[in-house]
Structure formats: structure tokens, C-alpha cells
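The values are calculated or read from the model by the stated rules, or taken from the named source; none is laboratory data. Bear in mind the structure is a predicted one, so any value in this text is a computation, not a measurement. Don't worry about glycine lacking a Cβ; one is built from the backbone with ideal geometry, like all the others, and counts go over all protein chains shown.
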Amino acid sequence: MPKTIAEINENIRKGKAVVVTAEEVIGIVEKKGVEKAAKEVDVVTTGTFGPMCSSGAFLNLGHTAPRMKIGGGKATLNDVPVYTGIAAVDVYLGATAMPDDDPRNKNYPGSFDYGGGHVIEDLVAGKDIKLVATTYGTDCYPRKKIETLINLKDINEATLFNPRNAYQNYNIAVNLSDKTIYTYMGVLKRNLGNVNYSTSGQLSPLFNDPYYLTIGVGTKIFLGGGIGYVSWYGTQHNPSALRSDNGVPRRGAGTLAVIGDLKQMKPEWLVGTSMVGYGSTLTVGIGIPIPVLSEEILSYTAVKDEDIFAPIIDYSEVYPQRKPDILGEVSYAELKSGKIEVMGKEVPTASLSSYYKATQIANTLKEWINKGDFQLTEAVASLPGTEDGVNLKPLNDRPIE
């Protein structure tokens with residue numbers, strides 16, 4: 001008989017829930033089969049830990065004396081600009097924001113040593129952060145300038161809100177040109193010198209729920225070491241991407257927008273990251289529990305690296321020029337072997353995401369559930385699926401007359 005989330009939560013409260021990671025469930029299904037495993041297992045935990053540029057935090061700084069309307073003015077945190085076009089003392093700190101005096105790629109390749117992602121990590125680590133703000137005065141907000149130190153524990157709300165995380169599959173990056181290039185997929189050596197990819201494969205959340213049968217708006221998750229929620233489908237959500245017979249996308253597909261209390265989080269799971277020659281970002285840890293409500297859902301969680309394929313893309317010409325060409329497809333099992341063959345050449349592989357850390361996240365979430373500290377939530381709305389006709393749209397130039 002199918003299970004419900006309410007029944008699974010009752011098992012969690014009683015300490016009787018059977019919780020396994022997405023890595024562990026593979027062996028269980030191989031040994032017992034889908035039907036028996038679906039009856040025994042209540043929850044499968046997933047995890048991913050990798051650079052996620054579409055990340056940031058809303059901060060309420062609190063009111064100064066005299067009051068000051070930072071909204072509409074200019075402000076920086078540790079010299080990194082924040083977006084002030086909200087209310088008087090609300091700002092948004094983006095993970096890829098850079099100090100105005102950073103040389104960027106003027107000294108190519110730029111090092112991008114400190115940006116928004118690093119500020120977020122420092123905030124979560126409890127460090128003092130320098131706030132500088134200037135604005136125009138009003139009758140109710142007369143102050144025009146402030147320079148002070150702030151700390152996460154002293155400000156009001158601090159909300160991590162990431163518009164696009166946990167990509168459901170992604171490109172495998174190579175470089176066919178005769179010079180080294182610097183990309184958001186890392187440093188790519190000339191003449192097929194290396195291969196970079198970025199996902200935890202069989203542990204990754206959306207690979208374990210390829211049709212979004214359980215993950216939806218309101219799903220409770222592990223986010224940055226604390227508790228968070230899926231707040232919406234992420235930007236560039238593309239459920240109509242090419243899929244294998246097992247339902248797993250072979251191209252970049254679904255994405256998640258996620259939200260959570262930054263004050264609960266930990267710097268080991270929110271890490272400011274510098275991408276040489278590209279910019280700064282934030283490496284984010286996310287874990288999502290998959291409730292085993294049916295045999296179908298359980299079968300999806302048993303997906304293996306050898307069953308997940310991704311496209312090999314040339315980042316020297318094809319990707320920047322938005323051409324559709326691919327050099328082939330390979331499985332994550334092949335990628336994790338340390339080398340793949342591209343155009344007849346054996347090329348070493350490396351991942352920008354950490355499978356080890358993804359395993360830690362899945363096990364941490366498993367531990368929380370087993371202790372009764374984490375219960376599952378019903379989604380209040382589904383994510384757009386393959387039947388909804390949602391496609392990724394490019395930005396095409398239109399002449400301005």
C-alpha cells in the first residue's frame with residue numbers, strides 16, 4: 001500500500017522510521033528488489049555541495065539613531081556592494097558581487113579573492129563585518145552616512161535566499177582551443193588538457209526525484225548546515241530537457257529556489273569561493289529527504305552514476321557562442337573513474353562539487369531524522385514538470401531603434 005508523509009512522520013516521532021542515504025538505497029534495491037525495499041524504507045536522503053552562483057542573503061540591518069534611509073542609497077559590506085533598492089534598512093548581498101576596486105580581469109586572469117560569497121561565509125562564521133553606507137536625507141530619515149561594524153548575531157533578520165540551486169544535471173566542460181581558458185567551470189587547459197564537471201551524481205537531490213513527485217514548494221531541506229525550504233522552482237528551470245528512459249535528464253533541467261535562516265547555518269556548508277579568471281561565488285551544501293510514498297518513487301532513488309549521462313561541451317567556442325553542438329555524452333561513473341575519452345584522447349576528469357561532502361550532508365540529514373529533530377513536510381505546490389511545457393528561453397538581441 002502507498003505511504004503518506006503523515007505516516008512517515010509518525011514513524012519518525014516513534015523512532016521507527018527506516019532512513020537510508022541515496023548511496024545506501026542502491027545496494028538495498030539490488031539485494032531486495034524495488035517492491036520489498038519500498039515497503040521497508042521510509043526516507044531516502046540526498047546531498048550536494050558545489051558552487052552555486054545564484055545565491056545571496058537578505059539582511060535587515062536595524063535602524064540607526066538618527067534614522068537613515070539606506071534604501072535608495074549606496075552600501076557595502078567589507079567593501080562589497082549590496083543591493084539597496086528595497087526598504088530603509090533591508091539589503092541584498094549577492095554571492096557574485098565584487099568590490100568596486102577589484103581589478104577583475106584587467107590583470108588576466110583575475111584572482112577574485114573576495115566577494116559576496118566570502119562575506120556570507122564570514123557572517124556565518126561570526127566575524128565582524130564593516131558596513132559603509134551613504135544616502136540622501138529625508139524628514140523622517142535625516143542621517144546620510146554611517147561607517148560601523150556589524151555582526152550576524154546583532155542584526156535582525158538574515159535570510160539566505162538563493163534563486164537557483166541544486167541544478168538537475170549540468171555540462172561537462174572541455175577546452176578545444178590552443179590556450180588555457182578560465183570559466184565558471186574552473187580552469188580548462190588547452191587542447192583537451194582536462195575535463196571538469198559539477199554535480200554529486202547519484203546523491204544529487206533532483207536525480208533522485210527526476211519528475212519532482214515529492215520535491216515541491218514548501219519541502220523542508222538541509223540548507224547550509226541549517227534548516228531551509230524550497231521556496232519556488234529555480235530560475236532556468238527546464239523540465240522539458242532531453243531525458244533517458246529512466247526519466248533522468250541528459251542536459252541541465254530542473255532547479256530550485258531555496259530559503260532559510262542564515263543564523264542557523266555554518267561556514268563549513270556556505271563557503272566563499274574564488275573562480276580564477278571568472279569571479280567569486282558561494283559553495284552551498286543542500287540535502288533533501290525523499291519520502292518513499294510508492295514503489296515508483298523508491299525506484300527513482302536507486303539511480304546509479306552509471307545511469308546518469310551528461311553532455312561534453314567545448315567552452316572555448318561552443319558554449320560562449322551559444323552553439324548547440326556537443327562532443328558526446330558520458331556517465332557520471334565514467335567521470336568519477338578519473339578519466340574519459342574525448343575525440344579519441346584520454347583526458348583526466350575533476351569535479352567542482354564534492355562527493356565526500358555530499359555524503360556527509362546526506363548522512364547528517366539521516367541523523368537528524370533518526371533523532372526526531374527533522375520531520376518531512378508536504379509540498380504546498382508542485383514544481384513545473386515535463387507536462388507543463390516549460391522550456392528554457394534564451395535572450396535574443398532585438399535592435400533598438
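Listed values, structure above:
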quantity	calculated
Contacts under 6 angstrom Cβ, first residue in segment 355-376 being within 17 Å of K266 (Cα to Cα), partner modelled with pLDDT of 95 or more and in a loop (DSSP other than H, G, I, E, B), 6 or more apart	A358/G47; A358/S200; I361/G47; A362/T46; A362/G47; W368/F374
Counted residues, segment 214-226 - those being in a strand (DSSP E or B) and out of contact with any Phe, Trp or Tyr (no Cβ under 7 Å at 6 or more places or on another chain)	4
Unmet criterion (only one of (1) of a type outside the set (K, R); (2) closer than 30 Å to G344 by Cβ; (3) without any contact (Cβ under 8 Å) to a residue 60 or more places away in the chain) for G201	(3)
Output for segment 331-381, where each listed residue is small (G, A, S), part of a loop (DSSP other than H, G, I, E, B) and under 30 Å from G193 (Cα atoms)	S337, G338, G344, S353, S354
Pairs with Cβ under 6 Å, 6+ apart, first in segment 379-396 and more than 11 Å from Q236 (Cβ to Cβ), second of a type in the set (K, R)	none
First in segment 257-281 and at pLDDT 95 or above, second anywhere and buried (at least 17 other Cβ atoms within 10 Å of the Cβ) and among the acidic types (D, E), Cβ under 7 Å, 6 or more apart	P267/E121; L270/E121; V271/E121; G272/E121
Lone unmet requirement of (1) modelled with pLDDT of 95 or more; (2) surrounded by fewer than 17 Cβ atoms within 10 Å (Cβ to Cβ) for I308	(2)
Residues that are buried (at least 21 other Cβ atoms within 10 Å of the Cβ), in a loop (DSSP other than H, G, I, E, B) and under 15 Å from the mean Cα position of the chain (by Cα), drawn from segment 181-213	M185, S198, T199, S200, S204
Conditions (1) farther than 22 Å from D325 by Cβ; (2) of a type in the set (S, T, Y); (3) out of contact with any strand residue (DSSP E or B) (no Cβ under 6 Å at 6 or more places or on another chain): number failed by T180	(1)
Strands (runs of 3 or more DSSP E) completely within segment 241-330 that count 1 or more residues being of a type in the set (S, T, Y)	270-275, 279-287
Among the candidates T138, T148, residue that is loosely packed, with under 15 Cβ neighbours inside 10 Å and touching a Leu at 6+ places or on another chain (Cβ under 6 Å)	T148
Check on V29, in contact with a helix residue (DSSP H, G or I) (Cβ under 7 Å, 6 or more places away or on another chain), at pLDDT 95 or above and closer than 15 Å to E295 by Cβ	yes
Criterion (assigned to a loop (DSSP other than H, G, I, E, B), charged (D, E, K, R) and farther than 30 Å from F309 by Cα) met by exactly one of D178, D122, D102	D102
Considering residues of segment 1-33 that are small (G, A, S) and over 30 Å from the mean Cα position of the chain (by Cα) only, the residue nearest to N208 (Cα to Cα)	G33
Residue within segment 301-310 that is polar (S, T, N, Q) and touching a residue at least 12 places away in the same chain (Cβ under 8 Å) present	yes
Q236, sole failed condition from (1) in contact with an Asp or Glu (Cβ under 8 Å, 6 or more places away or on another chain); (2) not in a strand (DSSP E or B)	(1)
Condition check for R164: out of contact with any Pro (no Cβ under 8 Å at 6 or more places or on another chain), surrounded by fewer than 20 Cβ atoms within 10 Å (Cβ to Cβ) and at pLDDT 95 or above	yes
Odd one out for S280, checked against (1) crowded, with 22+ Cβ neighbours inside 10 Å; (2) more than 21 Å from the chain's Cα centre (by Cα)	(2)
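Every residue, every condition in (1) free of Cβ contacts under 8 Å to residues at least 60 places away in the same chain; (2) surrounded by 15 or more Cβ atoms within 10 Å (Cβ to Cβ); (3) within 20 Å of the chain's Cα centre (by Cα), yes or no:
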| position | (1), (2), (3) |
| --- | --- |
| D90 | yes, yes, no |
| L93 | yes, yes, yes |
| T96 | no, yes, yes |
| N107 | yes, no, no |
| F112 | no, yes, no |
| R143 | no, yes, no |
| L152 | no, yes, no |
| I155 | no, yes, no |
| A158 | no, yes, yes |
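Residue-wise test of (1) of a type outside the set (G, A, S); (2) in contact with a helix residue (DSSP H, G or I) (Cβ under 8 Å, 6 or more places away or on another chain); (3) more than 21 Å from G287 (Cβ to Cβ).
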{"residue": "I5", "(1), (2), (3)": "yes, no, no"}
{"residue": "G15", "(1), (2), (3)": "no, yes, no"}
{"residue": "T48", "(1), (2), (3)": "yes, yes, no"}
{"residue": "P51", "(1), (2), (3)": "yes, no, no"}
{"residue": "S55", "(1), (2), (3)": "no, yes, no"}
{"residue": "P66", "(1), (2), (3)": "yes, no, yes"}
